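Q: Dropping the structure in here first, questions after.
The values are calculated or read from the model by the stated rules, or taken from the named source; none is laboratory data. Predicted model, so just to flag it, every value in this text is computed and none were measured. Don't worry about glycine lacking a Cβ; one is built from the backbone with ideal geometry, like all the others, and counts go over all protein chains shown.
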Amino acid sequence: MNRKKKINQTLKAKAKKMNAKRQKSNKPKYISKAERAAMAVQQAQDNADNLATAKADLANQAAQTDLVKD
C-alpha cells in the first residue's frame with residue numbers, strides 16, 4: 001500500500017508541475033526603468049507630432065473654407 005501511495009503521489013506531483021508550466025502567466029512582462037523612460041519620451045514626441053499635424057489640418061480646413069466662401 002505504501003508503495004502504491006508513493007507512486008501515485010509522485011505522478012500527481014509531476015502532473016501538477018506540467019500543468020503549471022502550460023498555464024499562461026498573468027504577470028505583465030518586466031520593463032526596466034530605462035525602457036519606461038524611453039517609452040515616455042517617445043510617447044511625448046508622438047503626442048507633439050500629432051498635435052502639430054492636427055493644427056496644420058485645422059489651418060488647411062480654415063483656408064479651404066475661406067476659398068469656398070469667396
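Q: Taking the residues in region 17-26 that are of a type outside the set (Gly, Ala, Ser) and assigned to a loop (DSSP other than H, G, I, E, B) as candidates, determine which candidate is modelled with the highest pLDDT.
A: Going through region 17-26, the residues of a type outside the set (Gly, Ala, Ser) turn out to be 17-19, 21-24, 26.
Pick out the ones that are also assigned to a loop (DSSP other than H, G, I, E, B) and you get 23-24, 26.
Details: GLN23: 87, LYS24: 83, ASN26: 83.
Only one residue tops the list, namely GLN23.
Q: Moving on. Quick check: anything in region 5-16 assigned to a loop (DSSP other than H, G, I, E, B) and loosely packed, with under 10 Cβ neighbours inside 10 Å? Step through it out loud before you land on a result.
A: Step one: filter region 5-16 for residues assigned to a loop (DSSP other than H, G, I, E, B), giving none.
No, every residue in region 5-16 fails to be assigned to a loop (DSSP other than H, G, I, E, B) and loosely packed, with under 10 Cβ neighbours inside 10 Å.
Q: Return yes when ALA37 is small (Gly, Ala, Ser), surrounded by 10 or more Cβ atoms within 10 Å (Cβ to Cβ) and either assigned to a helix (DSSP H, G or I) or at pLDDT 90 or above (or both) and no when it is not. So that I can check it myself, show each step before the final result.
A: Working: small (Gly, Ala, Ser): yes; surrounded by 10 or more Cβ atoms within 10 Å (Cβ to Cβ): yes; either assigned to a helix (DSSP H, G or I) or at pLDDT 90 or above (or both): yes.
Considered against the rule, which asks whether it is small (Gly, Ala, Ser), surrounded by 10 or more Cβ atoms within 10 Å (Cβ to Cβ) and either assigned to a helix (DSSP H, G or I) or at pLDDT 90 or above (or both), ALA37 comes out as yes.
Q: Condition test on LYS29, is it of a type in the set (D, E, K, R) and in a helix (DSSP H, G or I)?
A: So LYS29 does not fit the description; no.
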